[in-house]
Amino acid sequence: QAPLGLHLRAVALNATHVAVEAADVTEAHRLARVRRDFVANVSHELKTPIGALQLLAEALLDATQLPDSAPEAQSEDLLAARRFAERIHHESARMGRLVSELLELTRLQGAEPLPNPEPVSLDWVIAEVLDRTRTTSSAKNIEVTYSGPKGLMAYGSDSQFATAVTNLVENAIAYSGPDTKVELTVRQNDDWIEIDVADQGIGISPQDVDRIFERFYRADQARSRATGGTGLGLAIVKHIATNHGGRVDVTSALGDGSTFTLRLPARPPESPSPSPTAIEI
Ligand code: ADP
């Protein structure tokens, strides 16, 4: 058996080790917060100049608007100026989306569990999502259908739920061909509300499936960029789900469409256990 002195030294060393580890964790948390604050500040600061760029590009588009009646009056220079203005408008809109999604993701990453989750009507969420995605779906002649019982409730933030489902439906539209269908199904499964978003699109390969929820990960860089997405949509969905104690999963096969399932709590979080005097015997 080890002498007592040696034993005590080992205990002291272990304690130091634990203290050093605890300090490391605190430092890691501090660094993570500094990084989040930095991204949030930069994103916030970028919003103003990007907004200005968009307005200026719009003014330029108006100024280079040509009368249909006199196409022969359209000089090469004016046509080029209009093309550039369109490009600036398009790119600055994309930059604007990137900055607001980055800001949203940073906020979600720093979020504590919601203090007072509110009951949220799924009927409202679905109506909101259908409304927000109507223009993009009809541009590709994609029908977005909905099935599920009325009156279901989830507990949490209404705006975050609407954002999460909108992101999934926007992706379903972006990664599907024209004249296809996107099916939204909502059901209650014990303590969970499950929302399926199923598409008939390009699908996701097994090696990409586990990574698509990472920030900026894209299964097909070129194609994904062409859709105008930011590469942050699914990371936002994942954070919204986990911040509510839920999750998001996907089943997919390349060329065979994808089904994303978002699980949200159907019950308010456990209230603190009652004090002994309040227990009925
Ligand atoms: P993006 O802005 O690129 O769409 P997301 O975070 O929303 O970023 O998605 C990450 C990647 O996951 C996409 O680039 C795409 O490769 C893949 N993906 C997402 N949704 C779908 C879908 N419904 N069908 C096929 N691929 C998808």
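Coordinate-derived values only; no laboratory data. The structure displayed is predicted, hence computed values, not measured ones. A quick note on method: Cβ atoms are made from the backbone with ideal geometry, for glycine too, and the neighbour counts reach across all protein chains shown.
Brief remarks follow.
- Note on the chain: GNM, Cα springs under 10 Å; of LEU262, LEU61, LEU122, the largest mean-square fluctuation is that of LEU61.
- For PHE260, PHE161, PHE213, order by how many other beta-carbon atoms lie within 10 Å, fewest first: PHE213, PHE260, PHE161
- Of ALA40, THR163, GLY151, farthest towards positive along the dipole that unit charges on Lys, Arg, Asp, Glu beta carbons give the chain: ALA40
- Within segment 99-140, trypsin sites (Lys or Arg not before Pro) in DSSP loop having at most 16 other beta-carbon neighbours inside 10 Å: LYS140
- Remark on the chain: hydrodynamic radius 22.7 angstrom, per the Kirkwood mean of 1/r across alpha carbon pairs.
- Förster-model FRET efficiency, 51 Å R0, VAL11 and ASP191, C-beta, rounded to 0.05: 0.70
- For the chain, calculated [θ]222 nm from helices alone, where every DSSP H run of n ≥ 4 adds -39500 (n - 2.57): -18500 deg cm²/dmol
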